[in-house]
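The values are calculated or read from the model by the stated rules, or taken from the named source; none is laboratory data. Note that the structure is predicted; figures quoted are calculated from it, not measured. For neighbour counting, all protein chains shown are included, and Cβ atoms are generated from backbone atoms with ideal geometry for every residue, glycine included.
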Amino acid sequence: MTSTMERLDKHRSQLPTPSGPVSYIDTGGPGRPVLLVHGVGSSSYLWRNVIELLDGERRCVSFDLPLHGYTPAAPDQDFTLNGLARFIAECCDALDLAGIDLVANDTGGAISQVFAAGHAGRLHTLTLTNCEAHGNVPPKVLLPAVMLARLGLLAPIATRLTRNIPRAKKMVYGMGYQDISQLPDDIARVWLEAQGKTTQAARQAQRLLVSLHARDLLAAEPAMRALQVPTLIVWGTGDRAFRTKWAYWLRDAIPGVSEVVEIDGGRLFFPDERAAELTAALRRHWEAHA
């Protein structure tokens, strides 16, 4: 039986950019491109179920961020929100993507806010799911990991986690899923090994965590408060990292927001676990702004 990973990897390619080689999924297909941006600790596989639901309807593109999935990180990789937004822009340039329907989750949402602030003309619509907003960078639940990273103690932990993927999956991703069994072990392995299989990768992961600052998101806020791009907020209400209040903060901050859709009980990674509900909301949003 063909796995989701195998089906997606038929659409996987590597792309040269100024930031280095990038692994990405591009399904081809009709209509405007849908750009799906994941966050810290996951990869383009986060969108596996959304991509399968949109198969034949839309061209879905998802880049693995540096140090995620199959995209390596340069020794001097810029892991700030500004640097990662620039990475997304470079990838869009390389594929000549325009008129984008942008969909983002987790730290990918913060990256996409910075990207949208500087590249509003590239976007046709924007959809933000559970993600950082305003000064919530990093979220409080992540502060212990950030402190360990600052002390240089996170790298050895990350390396040890890769030795027992089923156990590590529950420890690292259990809070982000209502039912952690919905995350296959083979995908969890890709996510964990990208930032922990080698000592070098684990040290890079430490640097990534301490590079994410609220100041970069706050600097983009004036442009976001003028953003007229049609925007949808879809929010899982059971997320401990990004409470529902942030969905309504974004609604009030971005003029283009038309609606907040609540996914009852959904957690951080509901775009994977409850993709059908997200995809239904996306279709309505896109049809309303065709």
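Using the structure shown, decide if Val261 is at pLDDT 95 or above, among the β-branched types (Val, Ile, Thr), assigned to a helix (DSSP H, G or I) and out of contact with any Gly (no Cβ under 9 Å at 6 or more places or on another chain). For Val261, the condition - at pLDDT 95 or above, among the β-branched types (Val, Ile, Thr), assigned to a helix (DSSP H, G or I) and out of contact with any Gly (no Cβ under 9 Å at 6 or more places or on another chain) - is not met.
Between a first residue in segment 151-170 that is more than 16 Å from Asp185 (Cα to Cα) and a second residue that is part of a helix (DSSP H, G or I), which pairs have beta carbons less than 6 Å apart while being 6 or more apart in sequence or on different chains? These pairs meet every condition: Leu154/Leu148; Leu154/Gln206; Ala155/Ala202; Ala155/Arg203; Ala155/Gln206; Ala158/Ala202; Ala158/Ala205; Thr159/Ala202. Considering the conditions (1) free of Cβ contacts under 8 Å to residues at least 40 places away in the same chain; (2) touching a Pro at 6+ places or on another chain (Cβ under 9 Å); (3) surrounded by fewer than 17 Cβ atoms within 10 Å (Cβ to Cβ), Gly20 is excluded by exactly one of them, (1).
Among the residues of segment 22-32, those that are part of a strand (DSSP E or B) and in contact with a Cys (Cβ under 8 Å, 6 or more places away or on another chain) comprise Val22, Tyr24, Ile25, Asp26.
Quick one: in segment 5-17, which of the residues that are assigned to a helix (DSSP H, G or I) and in contact (Cβ under 8 Å) with a residue 24 or more places away in the chain is farthest from Glu52 (Cα to Cα)? Full working, then the answer.
Narrowing segment 5-17 to residues assigned to a helix (DSSP H, G or I): 5-9.
Subsequent filtering for residues that are in contact (Cβ under 8 Å) with a residue 24 or more places away in the chain retains 5, 7-8.
On the way: Met5: 11, Arg7: 9, Leu8: 9 Å.
Restricting to residues being assigned to a helix (DSSP H, G or I) and in contact (Cβ under 8 Å) with a residue 24 or more places away in the chain, the top hit is Met5.
Which pairs have Cβ atoms under 7 Å, sit 6 or more apart or on different chains, and link a residue in segment 69-85 that is within 15 Å of Tyr24 (Cβ to Cβ) to one that is β-branched (Val, Ile, Thr)? The qualifying pairs are Gly69/Val190; Thr71/Val22; Leu84/Ile111.
Being touching a Ser or Thr at 6+ places or on another chain (Cβ under 9 Å), farther than 16 Å from His68 by Cα and surrounded by 20 or more Cβ atoms within 10 Å (Cβ to Cβ) is a condition met by at least one residue of segment 156-169. Residues being assigned to a loop (DSSP other than H, G, I, E, B), of a type in the set (Asp, Glu), at pLDDT below 95 and surrounded by fewer than 16 Cβ atoms within 10 Å (Cβ to Cβ) are represented in segment 34-56 by at least one member. Per this entry, Ile187 is counted among residues that are more than 20 Å from Ala120 (Cα to Cα) and either assigned to a loop (DSSP other than H, G, I, E, B) or in contact (Cβ under 8 Å) with a residue 12 or more places away in the chain (or both).
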